[in-house]
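Quick notes on the structure that follows.
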Amino acid sequence: MQASGVELAGINCLFGQTPAIRDIDLMVPKGEFLALVGPSGAGKTTLLRVIAGLEPGYTGRLSIGTRDVTRVPARERNIGFVFQSYALFGHMSVKENVAFGLRVRPWRRRPARHVIAQRVRELLELVQVAHLANRRPGQLSGGQRQRVALARALAIEPELLLLDEPFGALDPLVRKDIRSWLRGLHDRLGLTSILVTHDQGEAIEVADRIALLRDGALEQVGTPEQLDRHPVNAFVHQFLGESVRFEATVRDGRAIPHLLEASAIPVALPDGPAVISIRPYEIGLRGGEGAGTVLFARRIGAFTRYEIDISGRVIEALAPAIDVPLSPGARCTLDLSRAHVFGVAA
Amino acid sequence: MTLASPAPPRPGPLATSFEPVPGRPRHVPPAGPGKGHGPTVIPGYRLSLGITIAWVSLLVLLPLAALAARPWEHGAGWLWHSLTQERALAALRLSFGTAFLAASLCTVAGLLLAWTIARVRPAGWRLLDAIIDLPFALPTAVAGITLATLYGRHGWVGAPLAGAGIKVAYTQAGIMIALVFVGLPFVVRSTLPVLNDLPHELEEAAQTLGARPGQIALRVLLPAILPALVTGFGLAFARGVGEYGSVIFIAGNRPLVSEIAPLLIVIRLQQFDYAGAAAIGLVMLLGAALILVALSLVRALLPAMAGARQPL
């Protein structure tokens, strides 16, 4: 299967007067699994539809492989698209759904009848629903429909596979299963895939790289590790996992969190307002004196979960369960030295 | 007399209509306590079933049975003679033939209209949507007189047509116009909701799979709305067979040429030939019933209806 990269240059897309996609430059190399994440309304699906050619009113340049497809209609882009709703054809059997993309080809490029039948059989085996070939989509479960939708998209040997929240309608257990299976399939077939999801955990688990969108613009693109270790701003840090946020002021190379002056941390930022963002498990707790009061403590597996009151504000912290536990009512100091500090442009 | 009696509604899961689907263990409802038919969300299952049966018996079956019994009073030979008169045969042929053609025309035009309203959404589509139902509201005689005036030799449409050598009023073409007028709303009303509910993603999926617009229309959209189209055709046809008021003014009513069967019934009634009138009525009833049953069979066999009995 010929898989090629995708390149987006200066893509803009308007919905009426409001920009839905703003100045997106993105390069997805051949064979990569990219996850497009962001809060709802960030433009993830719109961007996916632009790439597929289903959103006609955009500007910029778009190429798939070596081919400039900016002005190429959807049906000639050779893209596999799996819709959130699966969009299976209800009046066709599973077999006919998968064969559709081959049957509608102009006769010169259309494979012979038995070749199509053979290919459909292979694909249904590949997605593990061969025994359902003669069923109707209405008779399938969500997970089965998803597999059929995927088989249908793969039937045309797409250069690029686009997946719009394909796991959204599945229950969590099936979801996890199908996710790792999909990743395996991607590697086996050497596909280039772009997955839209609002679930950062899903993206971290399945993708080579993550592109984080906010308000139609790209915030950061990188491997899950890069995004976790070196987030470019507080939004990226907060989106990728649970975090606790403190407003702070930078003075003389130290970021001083409000209400927590004792927890100041050294930073290389100019003086001015800043934001401190830290994962609950990165907060260091020391009993004794301090600005925090333990309200609640409960051991959950390998961690002890604390609720800590800081002058009326309650934050959450996770400490290794092997540490000496603090009891409710105890005073504590908070060590924020592992936090990320972001300057706030005035 | 209108034969467009809708198929009696089926209340809840009747024992005969509930067959478990092989190979599909999900959604098999557990037997409800003391019902024997499985559970139903409608309270008063027996009551509603009773009312339905009583309703169908009293208002549909009883009058039809009376109609069916009437023409035999002079014996079968007489009945045969009464029906095989050239005038009766011509009237029946005319009624069924024009109704069939008109329903076909309505199906094509109604599909176009429904498509325009649902997908093209021209400015003022809401008004268009409302206007479509007007033939329902208009007394059929008013419609008939209006059409006859319009298409008559001096009418706004009839005069230019007459100039071109085309005669519409007082011919079979006139009957067709009246039937299309009253039949069109049935097709639009049965098709429009289905078109509105058809997800755009189906078309988009077909596009990404390489289908051209014509292929999308024929292979994806048409099969999905075909059951609704067949229903609309059936309703328009049944209405057309029994249509009286709007037709008699524009038809000219010449025996053997443009005399429709319902009119012949009225004529026989005026001649106190009650059995003869009932005979024609019986044939129309049987014909319409046959066609409606055939259409519902066709509908059930359409690909879009496969698996429709199963909930999603």
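Does segment A:150-165 include one or more residues that are within 18 Å of the chain's Cα centre (by Cα), assigned by TED's automatic domain parsing to the domain that holds A:Arg119 and farther than 16 Å from A:Leu36 by Cα?
no
Against the definition (touching a residue at least 60 places away in the same chain (Cβ under 8 Å) and either of a type in the set (A, V, I, L, M, F, W, C) or within 13 Å of another protein chain (Cβ to nearest Cβ) (or both)), how does A:Phe33 come out, yes or no?
Yes, satisfied.
Give the residues of segment A:4-30 that are under 18 Å from A:Ile79 (Cα atoms), without any contact (Cβ under 8 Å) to a residue 60 or more places away in the chain and surrounded by 15 or more Cβ atoms within 10 Å (Cβ to Cβ), sorted by residue number.
A:Glu7, A:Leu8
Return the total of residues in segment B:194-225 being over 20 Å from A:Ala151 (Cα atoms) and either more than 7 Å from chain A (Cβ to nearest Cβ) or touching an Asp or Glu at 6+ places or on another chain (Cβ under 9 Å) (or both).
Number of matching residues: 13.
Within segment B:90-103, identify whether any single residue is assigned to a helix (DSSP H, G or I), of a type in the set (A, V, I, L, M, F, W, C) and over 22 Å from B:Ile250 (Cα atoms), and answer yes or no.
No, segment B:90-103 contains no residue that is assigned to a helix (DSSP H, G or I), of a type in the set (A, V, I, L, M, F, W, C) and over 22 Å from B:Ile250 (Cα atoms).
Let's see how each residue does on (1) surrounded by fewer than 17 Cβ atoms within 10 Å (Cβ to Cβ); (2) of a type outside the set (S, T, N, Q):
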site	(1), (2)
B:Val188	no, yes
B:Leu202	no, yes
B:Gln207	no, no
B:Arg212	yes, yes
B:Arg219	no, yes
B:Ala224	no, yes
B:Pro227	no, yes
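Those residues that are over 15 Å from the mean Cα position of the chain (by Cα), among the aliphatic types (A, V, I, L, M) and over 18 Å from B:Gly242 (Cβ atoms), I need them from segment B:264-305; list them, please.
Matches in segment B:264-305: B:Ala275, B:Ala300, B:Leu301, B:Leu302, B:Ala304, B:Met305.
Taking the condition of being more than 8 Å from chain B (Cβ to nearest Cβ) and within 20 Å of A:Lys30 (Cβ to Cβ), how many residues in segment A:51-77 meet it?
Here the count works out to 12.
Being assigned to a helix (DSSP H, G or I) and surrounded by 19 or more Cβ atoms within 10 Å (Cβ to Cβ) is the filter here; which residues of segment A:236-258 pass it?
A:Val236, A:His237, A:Phe239
Which numbered condition in (1) surrounded by 14 or more Cβ atoms within 10 Å (Cβ to Cβ); (2) within 26 Å of B:Ile175 (Cα to Cα) is the only one that B:Arg93 fails?
(1)
Within 30 Å of A:Arg103 (Cβ to Cβ) and either modelled with pLDDT of 90 or more or part of a loop (DSSP other than H, G, I, E, B) (or both): which single residue out of B:Ala109, B:Ala211 fits that description?
B:Ala211
What helices (runs of 4 or more DSSP H) completely inside segment B:232-312 contain at least 3 residues that are within 14 Å of chain A (Cβ to nearest Cβ)?
So the answer is B:274-301.
Within segment A:214-234, track down each residue that is of a type in the set (Lys, Arg) and touching a residue at least 60 places away in the same chain (Cβ under 8 Å).
Answer for segment A:214-234, where residues must be of a type in the set (Lys, Arg) and touching a residue at least 60 places away in the same chain (Cβ under 8 Å): just A:Arg214.
Quick one: which of A:Val104, A:Val120, A:Val127, A:Val115 is out of contact with any strand residue (DSSP E or B) (no Cβ under 7 Å at 6 or more places or on another chain) and closer than 25 Å to A:Val206 by Cα?
That would be A:Val127, the only listed residue that is out of contact with any strand residue (DSSP E or B) (no Cβ under 7 Å at 6 or more places or on another chain) and closer than 25 Å to A:Val206 by Cα.
Can you find a residue in segment A:151-167 that is at pLDDT 90 or above, closer than 30 Å to A:Gly201 by Cβ and of a type in the set (Val, Ile, Thr)?
Looking for residues that are at pLDDT 90 or above, closer than 30 Å to A:Gly201 by Cβ and of a type in the set (Val, Ile, Thr), one finds none in segment A:151-167, hence no.
The values are calculated or read from the model by the stated rules, or taken from the named source; none is laboratory data. No experiment lies behind these values; they were computed from the predicted model shown. Cβ sites come from the backbone with ideal geometry, for glycine too, and all protein chains shown count toward neighbours.
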